[in-house]
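Take a look at the structure below.
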Amino acid sequence: MKKNFLALSIGAALSFAAQADIIISEYVEGGSYNKAIEIANTGTAAVTLDGYALAKSSNGSGNWENQLLLDGIVLEANSVYVVVNSQASDDIKAVADISHSVVGHNGNDPMALLKDDVVHDIVGEMGGGNFAADTTLVRRVYTPSAVYNKAMWEEFAKDNIDNLGVLDEGQELPEFVEGEPTTIMALQGDSWESPETDVANGKFESDQTFMVEGIITTLDYSGGFFIQDEVGDGNPLTSEGIFVLGSTSGLNVGDKVAVTGKVKEDYGWTQIDSTRVEGISTGNNITATSLRPLESDENFDFTLERHEGMLVAFDKTADMHITRTFSYDYAGRRNNMVVSNKRINQHPNQLNAPAAHEGELDSDAEIQTNNNQDKRVVVESFAKAGNGVVPWYPDFGKESLAQDGSTDDYLRIGDIIDGLEGVLTYSYGDYRLYVTNEATQETFVRKKTDRTAAPVLKKGDLRVATFNVLNYFNSPFGGTANPTGQNRGAETVDDFEKQATKIVNAMLAINADIFGLMEIENNGFSDTSAIVDLVERLNAELDTVDQYSIVQPENEEFIGTDAITNMVIFKTTKVGLDTVRIIEMPEQHAPEITIDINGRDKTESGDNYQRDAITPTFSILGSDEILTISVNHFKSKGSACWEDYALQAGGDPDKQGQCENLRVSAAYHLGKVMATIEGHKLIVGDLNSYANEDPLMVLTNRDNAPKGYELKAARNTSIGGTLDAGGIELHGDEGALITESYGYSNIIRKRHPDSYSYSYNDEVGTLDYILASPSLKTKIVDSMDWNINSSESSLFEYPSKYTGDLPKYDGAYSSSDHDPAIIILKFKKNKLQKKKTLVQ
């Protein structure tokens, strides 16, 4: 141990809380094994480190997996204790007190001092972000903090150990500046930013230092805490709360404190960067303010801005609807939920023609996107949620009181929030509610959003459904090998059995006479294939008269070349199979494309493929009618096609996702082939297009398209392989402008304009369709999207990898990520059937 006789440096003072003196004072994350952690006693008396441990949280998991117990170590006043990696450089070892495996951190591994298993002091952020890769951090504020505050640290270059082993001699803290007394409301102001800043001219921090008083409403936010004025100023335009950047050590909710510091705007979030926090009193209380808009608010964004930093309540009158259930947020790399004011958010291309989102809001799609942003609030928890846990809803997913293998504690899109409280913040472009209370079943008001045991539809002669079965793969569990060698589905036997049970139960409830299935494994039709496995499970639950048969093309072992495919099953008591067609879908063989990934060019092939459409024709028993059903799964929105990078630089200006031009090619070719088939026709399946996107315009109509709107097919497309291998060219180097629309009706949308079948991020829309030929107009009795999946939390889906101990139930809910679409048809009886009816 090395001694340093510097005076104690403290950046915050608390009149009612004693300050501990043991801190992490340096974090070295150098090259190779050059890792070190320095622990300091900044006090004036020796401390025995009984009960302390140095701990690492690998990749910011939130768990302290590796620990070094410090019991028995005596750390003298103004001294340090250096722990290093055993393979560190000789220079680092020269100042070491001990080597230990806990010091094996990377720049995304937080380190903490635990005291009696509770975090006493920490450096680093949870969640796996690189807060200190190839960096040395030296402590500049000698106040222990259970939350990481990067303002307490100074960064140095990789492998810098100039300060290691001593309490950084020569460090001078700035002289404390007394703050001008003011109020939180005065600092917040009545506009979008603090009047003490001038963001428009690049001034993000006040020149003056202020002192405000407030009651602490929560401590749990990383890097600081929230305070709120005890009485307010009676002006609804000024927020009464604010976030304080600084240590939470020694503080408690309900403490009234005086905070000194400058006010600043941090990417739109008003904060006080504290230099001192002084206690005034304890045991105080702030009542949450019910969120209410004013007629004068220019938009709902400003309603939220007026409450920024405050403890607020979302009650029924606030009219906040769940628009994404609790699930994984890829942007935030954590689980959370999203709510929206007055309505759920629809994808901009669901109701409107696509438009390039550039400049002014001069299209309906751009206005929809702006309104979605305006009304959105992310519902968070302070700590990163554990697997399968909703931190503010402790009963989420628990078995129902009836103990019938289901749960009454769930969340669904459209539910109205009635009883969540929390502090309102703004970060990463969104307002966020950090929940401070607990939810129960009564917190969620369901108006036409609750679960139904089965789809409720009018009766007819024929029920047709389309269902995406979420990568139903049996090859890893004794099934026929997949020709591609891939497994996109369940990874364990238990997960596969749960998936199969949920899908079978959903299909039994749908009770379709014809099912078009997508995302089923393309491993043939043998007794051990995925389609046979699914149908055998389904038929085992049915009487013989209601059992299903499989549509199997002659002389075809597989349908297309992808790992997944489209299939059709049907009841022979309702329809007779006449013919089976496989419509080969367009593939693209364009020039290579170059993609910029993190500043490096990556070359990708210009080859792209789509799944073939299985297209059987049926005779409707008891009728003289025939019906052709084409089951499709168009190219994914997440793929990479030539047009996306050569023409759009990898962007998505019209929010159609990637490969929209190849999907236009698919719609054009499909419509052209279907036009050669006689009788009634249905185009069904996952078209990977929202209701007003280009492929749907080709198959239906252009009623919502603005004048001059162009539908562009992809370049270098062919049917049946490359041109060199005998494929037939569809469109050449220039692609094509498609002028045809084939006149199919989007039946479900006509009957239910706001219906949806898929949820992505916090926007809903339809990707799954039953499109009917004009000849069926008088035959349609009813139709619907049965919202058993898109409205639910994905935590209830079959994979158990990231859901911990959350129960998985056998019911239809969360059996897939797409909703089944269903249509009811009624046909005139033929003469023989009429005669039988009269006899009966």
- Query: How much net charge surrounds Q373 when only the other residues with a Cβ under 13 Å from the Cβ of Q373 are counted, with Lys and Arg +1 and Asp and Glu -1?
  - Reply: -3
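In the neighborhood of N555, defined by Cβ-to-Cβ distances under 15 Å, what is the net charge if each Lys or Arg adds +1 and each Asp or Glu adds -1? Could you put the intermediate results ahead of the total?
Working: positive: R581; negative: E554, E556, E557, E584, D612.
So the environment of N555 carries a net charge of -4.
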- Item | the chain - percent relative contact order, Cα under 8 Å, separation 6 or more | 9 percent
- Query: Where does the stretch 709-840 land on Rg/Rh, using Cα atoms and the Kirkwood Rh?
  - Reply: 1.14
- Task: Any lysines with Cα under 16 Å of the K115 Cα? List them, leaving off those in the same chain fewer than 8 positions away.
- Result: K56
- What full-extension length gain, to one decimal in nm, is calculated for D134 and T739 as 0.36 nm per residue of separation minus the Cα-Cα distance? 212.1 nm
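Counting Lys +1, Arg +1, Asp -1, Glu -1, what net charge surrounds N746 among other residues with beta carbon under 12 Å of its beta carbon? Don't skip to the answer; put the middle values down first.
Working: positive: R749, K750, R751; negative: E693, D703, D768, D785.
Summing Lys and Arg as +1 and Asp and Glu as -1 gives -1.
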- Task: Compare the peptides 361-374, 483-496 by average per-residue count of other Cβ atoms within 10 angstrom and give them in order, highest first.
- Result: 361-374, 483-496
- Task: Would you mind getting the accessible area per residue of the chain, heavy atoms of the protein chains only, 1.4 Å probe, in Å²?
- Result: 42 Å²
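Using the Cα gyration tensor of the stretch 484-538, with a ≥ b ≥ c the square roots of its eigenvalues, what is the shape: rounded (a/c below 1.5), prolate (a/b larger than b/c) or oblate (neither)? The partial results should precede the final answer.
Details: a/c = 1.89, a/b = 1.30, b/c = 1.45.
Note, shape of the stretch 484-538 comes out oblate.
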- Message: Can you give me the angle between helix 364-375 and the longest principal axis of the chain, using Cα atoms only, in degrees from 0 to 90, rounded to the nearest 10?
- Response: 40 degrees
- Suppose every K and R has +1 on its Cβ and every D and E has -1 on its Cβ; what is the size of the dipole of the stretch 212-301 about the Cα centre, in Debye to the nearest 20? 360 debye
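Provide the FRET efficiency to the nearest 0.05 for the A94-D117 pair, computing r from the beta carbons and using R0 = 41 Å. All intermediate terms of the calculation are to be shown ahead of the outcome.
Values: r = 33 Å, r/R0 = 0.80.
Efficiency computed from Cβ-Cβ geometry: 0.80.
Per DSSP H run of n ≥ 4, the term is -39500 (n - 2.57); total these for the chain, divide by its residue number, and report the mean residue ellipticity at 222 nm rounded to 500 deg cm²/dmol.
-3000 deg cm²/dmol
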- Query: Over the Cα atoms of the stretch 678-752, what Rg and Dmax result, in angstrom?
  - Reply: 14.9, 47
- Query: For the stretch 275-362, what are the per-bin percents of Cα-Cα distances with bins 10 Å wide, up to the bin holding the maximum?
  - Reply: 12, 28, 34, 19, 4, 3
- Query: Percent relative contact order of the stretch 437-521, based on C-alpha pairs within less than 8 angstrom and at least six residues apart?
  - Reply: 45 percent
- Message: Given N residues in the stretch 420-548, what is its alpha carbon radius of gyration divided by 2.2 N^0.38 Å?
- Response: 1.48
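Note down the magnitude of the dipole of the chain about its Cα centre, charges +1 on Lys and Arg C-beta and -1 on Asp and Glu C-beta and zero elsewhere, to the nearest 20 debye. Working shown, then result.
On the way: 70 positive and 129 negative charges, 814 e Å.
That gives the chain a dipole magnitude of about 3920 debye.
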- For the charge dipole of the stretch 379-476, defined by +1 on Lys and Arg C-beta atoms and -1 on Asp and Glu C-beta atoms about the Cα centroid, which residue among N437, Y393, N468 has the Cα displaced farthest towards the positive pole? N468
- Item | Accessible-area composition of the chain, carbon plus sulfur, in percent [1.4 Å probe] | 46 percent
- Over 24 Å between alpha carbons, listed pairs K342/K459; K150/K203; K375/K447: K342/K459
- Message: Checking the a/c ratio against 1.5 first, then a/b against b/c, what shape does the Cα gyration tensor give for the chain?
- Response: prolate
- Item | Reachable lysines, given that their alpha-carbon falls under 17 Å from the alpha-carbon of K498 and they are not under 8 places away in the same chain | K801, K808
- Shape call for the stretch 58-155 from the C-alpha gyration tensor, a ≥ b ≥ c root eigenvalues: rounded (a/c under 1.5), prolate (a/b greater than b/c) or oblate? rounded
- Item | Hypothetical label at T452: residues of the stretch 376-414 whose amide nitrogen lies under 18 Å (7 Å Cα-Cβ projection) | 412-414
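Hey, what did the stretch 389-428 get for relative contact order, percent, Cα under 8 Å, at least 6 apart?
Working: 20 pairs, mean separation 9.5, N = 40.
Contact order relative to length: 24 percent.
The values are calculated or read from the model by the stated rules, or taken from the named source; none is laboratory data. Treat the numbers as computed from the prediction; the structure is a model and nothing was measured. Every residue, glycine among them, receives a Cβ derived from its backbone with ideal geometry; neighbour counts consider all protein chains shown. Ligands, DNA and RNA are stripped out before the accessible areas are found, and what is left, the full protein with its side chains, is counted by its heavy atoms. Shrake-Rupley method; radii C 1.70, N 1.55, O 1.52, S 1.80 Å.
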